[in-house]
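Quick notes on the structure that follows.
Since every read-out is calculated from the coordinates, none of them should be taken as a lab result. These numbers were taken from a predicted model, which means no experiment stands behind them. Counting neighbours? That spans all protein chains shown, and the Cβs are built from the backbone with ideal geometry, glycine included.
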Amino acid sequence: MLTKIAINYSPNFTTPARNKKNIKYIVFHYTGMSSESKAINRLTDVKSKVSCHYFIKKNGEIILMVPEKYEAWHAGISAWKKDVYLNKSSIGIEISNKGHRFGYENYSKNQINSLKKLSKFLIKKFKIKKTNIVGHSDISFDRKIDPGEKFPWKLLSKNQIGIWHKINKQKLYKLRKKKLTKIQQSTCLKFMQKIGYSFKKKNKIKLFKNFQRRFRQELINGILDKECLIIAEKLSKIS
C-alpha cells in the first residue's frame, strides 16, 4: 500500500464508478506547463475539463486527484491495440515537467522513485501487463509528444514497468540511418501494429517520431531505418 499521498481532488471525472476488471492501462504524461502550480490549478479547474488520477510533483510528492474507481479525463482521443478512448480503461499519471514548449527538462530522481513505487502498486492492484504501460505519445501519437524523449523508459523497464528491447547498442548503432526497402518499411509497420500502435490512415511521420521518442531516444527524425526495424521486430514479440 502506498503511503504519504496528498489529496487535491479534481471535479473532472466521469461517473458512475468503473469495474476494476476494466482497468488495464497506465498512461504517463508530462504536464507541459510553465509552472507546477499552474498545472495543478488546471487539472483541478472545472472549466479546463482535464484531469488525472495521480500527479507527481518535482520533489516526488504524489497527489491523488481522481480516485481510481472513476474515469479521469487525461487521454482524450486515443487508441492502443484494439481499444479506443482509453480514459475508460486506464489510470492517468501526470508528471510535473515544463515540456517541450517551456523548456523540456530532465525528470528528477525523486519523481522517478515515486513513479516506480506508484506504478508497481497499480500494476499489482489491477494486474496490468507491461505491454499496456504507455505514454500519451503512444496512444495519441498524431497530436501528443509527452512524456518525451527524456522519460526513462529503459530504466523503468528494468523494474518491470513498460517494455524495452535488449539489443546490443553497438549492433543497433551500425544499423542507424541505413535505408529500408518498401517491403521492409511495410514489415516494420506491421511490427509496430503488433506492439500496439493504431494508425490506419493517420500521419505516419508523427508515428515514426513518437516510436523513436520512446524506443530510440538519441535520434528522432521521423525516418524509419534498419535500427527502427530491428527494435520494432524485437518488441513485437513481447507479450
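For this structure, a couple of remarks:
- Using only Cα coordinates, the Kirkwood hydrodynamic radius of region 169-236 works out to 11.8 Å.
- Flagged links, alpha-carbon separation over 32 Å, of 98/125; 81/158; 47/237; 47/154; 124/237: 47/237; 47/154
- Partner lysines for residue 179 [C-alpha distance under 19 Å; skip if fewer than 8 residues away on the same chain]: 169, 171, 190, 204, 206, 209, 226, 234
- Each other residue within a Cβ distance under 14 Å of residue 3 adds +1 if Lys or Arg and -1 if Asp or Glu, for a net charge of +2.
- Across 4/116; 109/194; 49/130, pairs whose alpha-carbon gap is larger than 21 Å: 109/194; 49/130
- Only beta bridges with both residues in the chain are counted; by DSSP, about 30 percent of them are antiparallel.
- Binned Cα-Cα distance frequencies in region 137-209 - 5 Å width, integer %: 3, 12, 17, 24, 25, 14, 4, 0
- For residue 30, the amide hydrogen comes within under 5 Å of the amide hydrogens of 95, counting only partners 5 or more places away or on other chains and with H modelled in the peptide plane.
- Taken one residue at a time, the phi angles of region 78-88 give Karplus couplings (6.51, -1.76, 1.60, θ = phi - 60°) of 7, 7, 8, 6, 9, 9, 10, 6, 6, 3, 5 Hz. Gly and Pro are set to x.
- Residues 46, 66, 84, 27, ranked from the fewest to the most other C-beta atoms within 10 Å, line up as 46, 84, 66, 27.
- Listed residues 90, 114, 186, most fluctuating in the chain (Gaussian network, C-alpha, under 10 Å): 186
- P(r) histogram, all alpha-carbon pairs of region 80-125 included - 10 Å bins from 0, percent: 21, 37, 36, 6
- Three-way shape call for region 5-157 based on the alpha-carbon gyration tensor, with the a/c threshold at 1.5: rounded
- With the convex hull of its Cα atoms as the shape, region 69-227 has an orientation-averaged projected area of 9.9 nm².
- Residue separation of residue 69 and residue 187 scaled by 0.36 nm, minus their Cα-Cα distance, works out to 38.5 nm of gained length.
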